[in-house]
1. From other protein chains only, count the Cβ atoms within 10 Å of every residue's Cβ in A:42-49, then give the mean.
2. Is there a simple number for the mean count of other chain Cβ atoms within 10 Å of the Cβ of residues in A:53-60, and what is it?
3. Take A:Phe233, A:Phe15 and sort them by solvent-accessible surface of the protein heavy atoms, 1.4 Å probe, largest at the top.
4. What is the mean number of Cβ atoms from other protein chains located within 10 Å of the Cβ atom of each residue in peptide A:66-76, rounded to a whole number?
5. Please give the contour-minus-distance gain from A:Ser16 to A:Arg171: 0.36 nm per residue of separation, less the Cα-Cα distance, rounded to one decimal in nm.
6. Please list the three semi-axes, largest first and in whole Å, of the ellipsoid equivalent to region A:1-56, using sqrt of 5 times the eigenvalues of its alpha carbon gyration tensor.
7. Mind giving me the nanometre distance, one decimal, between the label points for B:Gln14 and A:Ala90, set 7 Å out from Cα along Cα→Cβ?
8. Sort A:103-112, A:34-43, A:210-219 by packing, meaning the average of other beta carbons within 10 Å per residue, with the highest value first.
Amino acid sequence: VSGGVLYVYAVADSFSGGAVRGLHGAPLRAVECGPVQAIVSEHAVAPEPDEELLWAHEQVVEQLMEGAAILPMRFGNTVASPGELEAILARRQAEFAASLERVRGAVELSVRAQLPEAAAPTDVQPKLEQLASPGERQVLKDPAEHPGTAYLLERAREQRRGEEIGELVHRPLAALARRSVLKAGSGEPRAFKAAYLVDEEVVETFGERVGKLNATLGDVKLSCTGPWPPYSFVAEEPG
Amino acid sequence: MSRDRAQEDRRRAQQREAWQARREASRQRQERGVARALRDRDVSLLDLVDRLLDGGVVIHGDITLAVADVDLVYVGLRALISSVETIEREMGVSLSAAGPSLKASAL
């Protein structure tokens with residue numbers, strides 16, 4: 001590649017070619033190294049991300065996934081030459097081969113929920129209210145007398161509720177998955193965000209279980225999207 | 001001032017239309033996939049960004065994205081989503097790190 005770059009979409013165990021085109025319609029090809037190969041397209045300059053190209057990357061990866069076990073790349077991976085890529089594949093061959101086996105035959109499903117703002121004690125699940133101690137109930141009964149304590153209790157209750165819902169949602173879903181990862185960021189204490197690596201034939205069951213959970217969770221709405229390529233499960237430690 | 005505002009509104013409306021077309025195309029692609037009922041169209045955009053900019057394999061080589069670029073992509077996406085507040089509230093998304101001024105300018 002003289003002066004250009006190779007943009008990498010995925011590491012795969014096979015590549016059948018076919019009609020799939022890359023970003024900006026560029027043709028795809030494989031750079032092989034032993035049992036693993038990287039699927040790439042050639043570009044004069046490294047593609048910059050925008051919404052359209054993000055979807056284009058995703059579409060390429062989804063189509064590659066139809067015929068092969070793949071590890072999707074993050075957007076924006078480029079190398080200067082096939083030789084550079086071959087060296088990387090050679091160095092990480094064992095890691096990639098193992099990861100490919102872990103995701104083979106499975107897809108990623110995403111589940112999100114947002115906990116409501118400081119839910120009033122009575123409006124959700126009685127089960128959560130039961131978590132309050134007798135002393136806490138006294139303060140809750142007369143919050144004006146103990147504003148600081150009431151505030152702290154409110155925060156604590158919110159956190160417990162978050163943990164409780166995480167538990168209520170995550171456990172039954174993780175039970176259907178090969179692997180799972182909770183991803184809620186530290187900056188989003190009220191957000192539930194998780195990814196599940198699910199066998200293709202279990203996807204429908206998973207969706208049904210999300211539906212059932214939604215029916216039992218009251219004002220918390222779960223949102224499930226997928227199937228995605230296994231972006232969250234490309235490494236041994238999910239993340 | 002108000003003319004700039006009107007132009008900006010038109011530009012946003014055009015972006016939104018283009019985006020909705022892409023989203024619909026994506027949905028139709030998905031419907032050929034394994035679980036047609038699962039993909040929620042609004043949330044899938046946010047999940048897409050999460051995955052493509054934060055997940056996936058990173059090889060040695062030049063990643064085109066600096067952290068600032070990621071923020072810009074989020075900002076661009078926020079401008080295209082018609083009801084960011086609703087999505088944040090209902091779908092477990094918080095993009096407020098992008099800044100209160102952006103939130104105020106969301107459609």
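1. Values: counts 0, 0, 0, 1, 5, 1, 5, 10.
Whole-number average of other-chain Cβ neighbours for A:42-49 is 3.
2. Details: counts 2, 9, 10, 1, 4, 6, 3, 0.
Average neighbour count from other chains, rounded to a whole number: 4.
3. Details: A:Phe233 0, A:Phe15 60 Å².
Largest accessible area first, the residues go A:Phe15, A:Phe233.
4. On the way: counts 2, 0, 0, 0, 1, 2, 5, 8, 11, 13, 12.
Mean number of neighbouring Cβ atoms from other chains: 5.
5. Working: separation 155, 0.36 × 155 = 55.80 nm, distance 3.80 nm.
The span from A:Ser16 to A:Arg171 would gain 52.0 nm if fully extended.
6. Values: eigenvalues 78, 38, 20 Å².
Semi-axis lengths for region A:1-56 are 20, 14, 10 Å.
7. 5.1 nm
8. Numbers: A:103-112: 22.6, A:34-43: 20.2, A:210-219: 13.6.
Ranked by mean Cβ neighbours within 10 Å, highest first: A:103-112, A:34-43, A:210-219.
The values are calculated or read from the model by the stated rules, or taken from the named source; none is laboratory data. Source: prediction; values computed, not measured. In this analysis, Cβ positions are derived from the backbone assuming ideal geometry, glycine residues included, and neighbour counts consider all displayed protein chains. The area values use the complete protein model at the heavy-atom level, side chains included, leaving out ligands, DNA and RNA. Shrake-Rupley method; radii C 1.70, N 1.55, O 1.52, S 1.80 Å.
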